[in-house]
Every structure is written in C-alpha cells, then in structure tokens.
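Asker: Here it is, the structure, as structure tokens.
The values are calculated or read from the model by the stated rules, or taken from the named source; none is laboratory data. For clarity, every value in this text was computed on a predicted model and none was experimentally measured. Cβ sites come from the backbone with ideal geometry, for glycine too, and all protein chains shown count toward neighbours. Calculation scope for accessible area: heavy atoms of the full protein, side chains included, ligands and nucleic acids excluded. Shrake-Rupley method; radii C 1.70, N 1.55, O 1.52, S 1.80 Å.
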Amino acid sequence: MSTGVSTSTDKIIVDKSRSHRNKAVSRAVRATRERLQTATGNSPGFEREMMQLHIGSTVQGALAIPMIVVLIAAGGIYLTQETGLLAWAVLALSVHAIGMLIARRARDQDITADNVRRWQRRFLIAQVFMGIAWATFALQGCGRCSGGAFEFYKGSSLLVALAVTAMSTLMLRHAILCAFAPTVLALSASSLLRPDPATVGMTAIIAAALAFLVFMTHRLRHTSAQLLSSQSEKDDLIAELEVAKSMSDEARRRAEEANLAKSRFLASMSHELRTPLNAILGFSEVMSTEVLGPLNNPVYKEYTSDIHRSGQHLLNLINEILDLSRIEAGKYDLAEDSVHLVDIAEDCIGMVQLRARAKNITISEQVETDMPAVWADEKALRQVILNLLSNAVKFTPQGGEIVVKAGWTAGGGQYVSIKDNGPGIPEDEIPVVLSAFGQGSIAIKSAEQGTGLGLPIVQAILAKHNGEFILKSKLREGTEAIAILPAKRVLQSLPAVSETQAVARRRKSFA
C-alpha cells in the first residue's frame, strides 16, 4: 500500500504555489505602463539606439572617406603638381583611422544609457580632428596655378566631403558641425586676410551648405527619433498585451480550478447530506403522525414537526443550490415539449392554495383564453411560477390579495404576471434580491426567511428559454413579477395544406 502524498489535480484543486506568477506579471505591466507614459524621443534609451546606429553605419562605410581623400589628393596632385597634398592625405587618413578605431572599440563594448554621453564626446572629438584635416586642405595653396581653378577644385571637393560626412554621421548629434566648422572658420580667416573673390565665394558656398545640412540632419535625426519612439511604444504595447494575457490566463485557470472545487464540493455534500436527511425526514414524519403509536408527551410531537420542517427546508436549500450550480456550469439541459402556460399556472396556484388559505390570502386569475402552446420545459416553467407564487404568498400579509395574469406580449410572446399587495421592495434593493443569496431588508426581518436563490433560479431558467424576467415593486404598494417567453417559442397553428392537381408532363416534340 502506497503511503506517498498524491499530487494529482484530483487532490490539489487550487495550486497556491503559483501565486508569485501574478505578482511578476503585475510588476511587468506596471513597469511597461510607466515606460509608455514617460518615454520621449530624447530619452537616454533612444540616444543609445542612435549611437549604435551611428557605430554600425561608421563601420560599414569605413572606406567612403578614405576613397574621397585619395581621389581628392590624386586629382589635386594631377592638376597642380603640388606634393603637399600627399602629406595632407596621410594626415586625413591617419585621423580617419583613429575615428575607426574608436568606432570598432565602441562596437565591441556594451554601450549603456550611463556611458552613451562619454562615447558621444569621443566621436565628436574625432570629428573635430577630421575637421582640422579638412581645414588644412582648404588652406592649401598653389603657386603654379593661375586664376580661380584651384579654388574651384577645393570648393567642389569640400562640398562632396561635406555631403558624404553628413550622410555617414546622421545619427550623431552635432557631428557635421564639428567636422566642418573648422573649415568654415579657416576659410573665413583666409577671406579676411586675402579678400580674393574666389575665396570669398567658396567660403560663402561652404558656409551656406553647412547651415543647410545642419538643419536637414537635425530634421532627419528628429524623424529617426520619432520612428524609434513609435517602434519602442509598439514593442511595449505588445509586451503589455502579453503580460496582460498571461494574467488573464492565470486568472482563468484559477477560476476554473475554483469552479471545479465548488462542483466537487456540491456533488459530495449533496450526497453526504441527502442520505441522513432522508432518514431525518422519514423518521420525523413517522413520529409526528404517530404511525407506531401515540407519543405520551405532546411537546415531543411538536418537536418532531419542527424537525421535519427544518429538514424539509434544508433539503429545499440543497436542491436550489444544486439547480443554480448546474445552470451556471451549463449542465442544466431543457427537456422541451409542447406545453400550455395557462395550465401550468393553474396547477401551481392549486399547489400554493393551501398556504394562501392559511393566511386568508385571495388568489385571483386573469388569463386569456385559447392561447396556443409554447415550446418549453414544463418542469422548469413549473418551478419558475411556483417560486414566484411562493414568494408572493410568503410576503403578502394576512387578508391580502394575489393576482395571476397570463396573456400575450406586444412582441407576440406569452407572459405570466404575479402581483401582490404586500409591503413591496425598496427600489435600491431590487438588484440585491435578484442576486444569489440576496435578501431585502423586509425579507430579513420576516419570520419566513428564504434561501435567497428563488429569483436567481427564475432568471436563469428564463434566460435558458431566451426569455426575460421583470421585477416591479413599490414600497408599501406591492410587487409584480413578470415571466416572459419570446415569440419564437409560441407554437402557432398552421392551416392545412390543400392538395393540388398534378400538372401533366409535357411531351417533347422532335418534329
């Protein structure tokens, strides 16, 4: 015989060891919502993303600047025969190599929101040194050249270098300004010292192009930041949806386990309680009716009657709880058939007539004649009308009156209305009495307290029939309960189908 502890789901209905999962996903949802509320285009997270994009574009376009430098130096040497351009090319390539070393080192290391500013400063310093190299080229002279040919060549080369630098350093803030501000300053100083028209014109063109490209790169960088912000917001929303779905799945799992535990508890308790209740009801009835002989003490006979009534009340409570549980679990199946609503109402009136007479309550009927049958569950409708009549008899005072109506609705359906002249229900307590185990203040003070399940069962049964339940009440005027069945459940009689003469088959002619 095994003595191990069972870990099956049949024994462990609710696994409380998973409670930490809800806490984790709740924290994730809160963190994600905070990121969505505080995320902006200038956050350190976006600066880090842009820095990584700049590093990637710098490493991928590592040969762009060296090719331009080599082409500019080769063209200048060919046009001017000045070997000083070769020294400038070596200087520019050396500075560019330093910038590439910084980029490769940054790529190999982990750039975080804390050190992104430091890496930005390093790249900007490298751009300043590259700008000094371009300024050196702008100050190059040509003793053998005549006219403004060499100035035109330098200006064209600087414009090409300016455009390429702007494209390659788009994601680095102020990079284009740091790279060509020294060139503009050098050209401006040269124009002041030697106001040559060619030099002045080249300075103006380079300065205007620099201002335009600074503006354009700023706009493009702002657009890129907005795209990154949208992407980040989308990712955060997806993450929040995922964690919300995880919370929903966890809540659904716990609800299913709780519902399973409730169903098993009710099934077990109904069996465990009904067995001794049957014995209690049977023996108490035998003793109260004195089947086996008279009881010597009349108080004992009164006690046996009390025991029988209490057991009957407990059995009704168990039955109502089980009915409501079956309806909520979707296990309440309707045995539908053709039934007459008026006949069921009359039968139920006869069942409560004895209790009504004991309280001197008059039950009157106002029903329409020749109403067709409805397609419904007779037992369920009988339970609906009997619950409503029992409530009316229970809360109607001595000498009161109950009116039972049955007829057509405006939409073609059928209804049963039960109206009493009892104390009524306060308007704010109607939702309470319609909920499971809910009781109004008058019912609580009454000597005949119920289980609070009658009206919820009525609502559920009518909902299974696609019907409607309406409760109208006014304090100190009375209560009216209306059970409505839809028109599609009314079985209208159809006229008989008349037989018609068969049409003779037409013979085909092959003439």
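Asker: Which FRET efficiency value, to the nearest 0.05, is calculated for Lys245 and Glu336 with the Förster distance at 35 angstrom and r the Cβ-Cβ distance?
Answerer: Working: r = 39 Å, r/R0 = 1.11.
Taking R0 as 35 Å, the efficiency between Lys245 and Glu336 is 0.35.
Asker: For Gln492 paired with Asp306, estimate the spin-label separation in nm (one decimal), with each label point 7 Å from Cα along the Cα-to-Cβ line.
Answerer: 5.9
Asker: What length, rounded to one decimal in nm, is gained on full extension from Asp235 through to Gln52, with 0.36 nm per residue of separation minus their alpha-carbon distance?
Answerer: Working: separation 183, 0.36 × 183 = 65.88 nm, distance 1.85 nm.
Roughly 64.0 nm would be gained on extension.
Asker: In nm, to one decimal, how far is the Leu101 label point from the Phe283 one, both placed 7 Å along Cα→Cβ?
Answerer: Reported label-point gap for Leu101 and Phe283 is 10.2 nm.
Asker: Still on this structure, I have one more. Taking a 1.4 Å probe, which of Lys464, Lys245 shows the most accessible area, and what order do the others take after it?
Answerer: Values: Lys464 75, Lys245 125 Å².
So the residues, ranked largest to smallest area, are Lys245, Lys464.
Asker: Could you work out what % of the accessible surface of region 260-369 is carbon and sulfur, using a 1.4 angstrom probe and leaving DNA, RNA and ligands out of the count? Don't skip to the answer; put the middle values down first.
Answerer: Details: 4020 of 7150 Å².
Ligands and nucleic acids excluded, carbon and sulfur give 56 percent.
Asker: Also, I was wondering about something else. How big is the C-alpha Rg of region 170-238 next to the rule-of-thumb value 2.2 N^0.38 Å, as a ratio? Numbers along the way, then the final one.
Answerer: Numbers: Rg = 18.2 Å, N = 69, 2.2 N^0.38 = 11.0 Å.
The value comes to 1.65.
Asker: Let me ask something additional. Pairs to check: Lys234/Lys262; Lys262/Lys419; Lys419/Lys488. Give those whose C-alpha atoms are more than 32 Å from each other in this structure.
Answerer: Details: Lys234/Lys262 41 Å; Lys262/Lys419 36 Å; Lys419/Lys488 26 Å.
Correct reply: Lys234/Lys262; Lys262/Lys419.
Asker: Using modelled amide H (1.01 Å from N, peptide plane; none on Pro or chain starts), what sits under 5 Å from the amide H of Val367, excluding residues fewer than 5 places away?
Answerer: Under 5 Å from the amide H of Val367 lie the amide H atoms of Ala406, each far enough along the sequence or on another chain.
Asker: Roughly how many percent of the accessible protein surface of region 127-222 is carbon and sulfur, given a 1.4 Å probe and a whole-percent answer? Please report the intermediate quantities before stating the final value.
Answerer: On the way: 3560 of 4800 Å².
Roughly 74 percent, rounded to a whole number.
Asker: Further, regarding this structure: Just the number please: accessible area per residue for region 146-223, 1.4 Å probe, all protein chains included, in Å². Working shown, then result.
Answerer: Numbers: 3970 Å² over 78 residues.
It amounts to 51 Å² per residue over region 146-223.
Asker: Read phi for every residue in region 204-210 and hand back ³J(HN,Hα) as whole Hz from Karplus 6.51 cos²θ - 1.76 cosθ + 1.60, θ = phi - 60°, with x for Gly and Pro.
Answerer: 5, 5, 5, 5, 5, 5, 5
Asker: Sequence neighbours fewer than 8 away in the same chain don't count; with that in mind, list the aspartates and glutamates whose C-alpha is under 19 Å from Lys379.
Answerer: By straight Cα distance, Lys379 reaches Glu320, Asp323, Glu328, Asp333, Glu336, Asp337, Asp343, Glu346, Asp347, Glu468.
Asker: If you don't mind, another one. Pop out the ³J(HN,Hα) list for region 172-185 in order, Karplus 6.51 cos²θ - 1.76 cosθ + 1.60 with θ = phi - 60°, rounded to Hz; leave Gly and Pro as x.
Answerer: Karplus values, whole Hz, x for Gly and Pro: 9, 5, 6, 5, 5, 5, 5, 6, 10, 5, x, 5, 5, 5.
Asker: Rounded, prolate or oblate for region 82-195? Axes are the square roots of the Cα gyration tensor eigenvalues, ordered a ≥ b ≥ c, and the cut-off for rounded is a/c under 1.5.
Answerer: Prolate, because a/c is 1.5 or more and a/b exceeds b/c.
Asker: Starting from 0.36 nm per residue, how many nanometres of slack lie between Glu477 and His174 once their C-alpha separation is accounted for?
Answerer: Numbers: separation 303, 0.36 × 303 = 109.08 nm, distance 8.27 nm.
Once the chain is fully extended between Glu477 and His174, it gains 100.8 nm.
Asker: Assign unit charges at the C-beta atoms only (+1 for Lys and Arg, -1 for Asp and Glu), then state the dipole size of region 283-387 relative to its Cα centre in Debye, rounded to the nearest 20.
Answerer: Values: 9 positive and 18 negative charges, 127 e Å.
Result for region 283-387 is approximately 620 debye, rounded to the nearest 20.
Asker: Testing the spin-label approximation: label points 7 Å from Cα along Cα→Cβ at Phe212 and Arg254. State their distance in nm.
Answerer: Spacing of the two 7 Å Cα→Cβ label points: 6.5 nm.
Asker: In Å², what does the accessible area per residue of region 46-93 work out to with a 1.4 Å probe?
Answerer: Numbers: 2400 Å² over 48 residues.
Using a 1.4 Å probe on heavy atoms only, each residue of region 46-93 averages 50 Å².
Asker: Still on this structure: Cβ neighbours within 10 Å, averaged per peptide: list 481-488, 80-87 in order, most packed at the top.
Answerer: Working: 481-488: 18.5, 80-87: 15.0.
Descending mean neighbour count gives 481-488, 80-87.
Asker: Relative to the present Cα-Cα distance, how much length would full extension add between Met351 and Ser156 at 0.36 nm per residue of separation? Walk me through the numbers before you get to the answer.
Answerer: On the way: separation 195, 0.36 × 195 = 70.20 nm, distance 10.88 nm.
So the extension gain works out to 59.3 nm.
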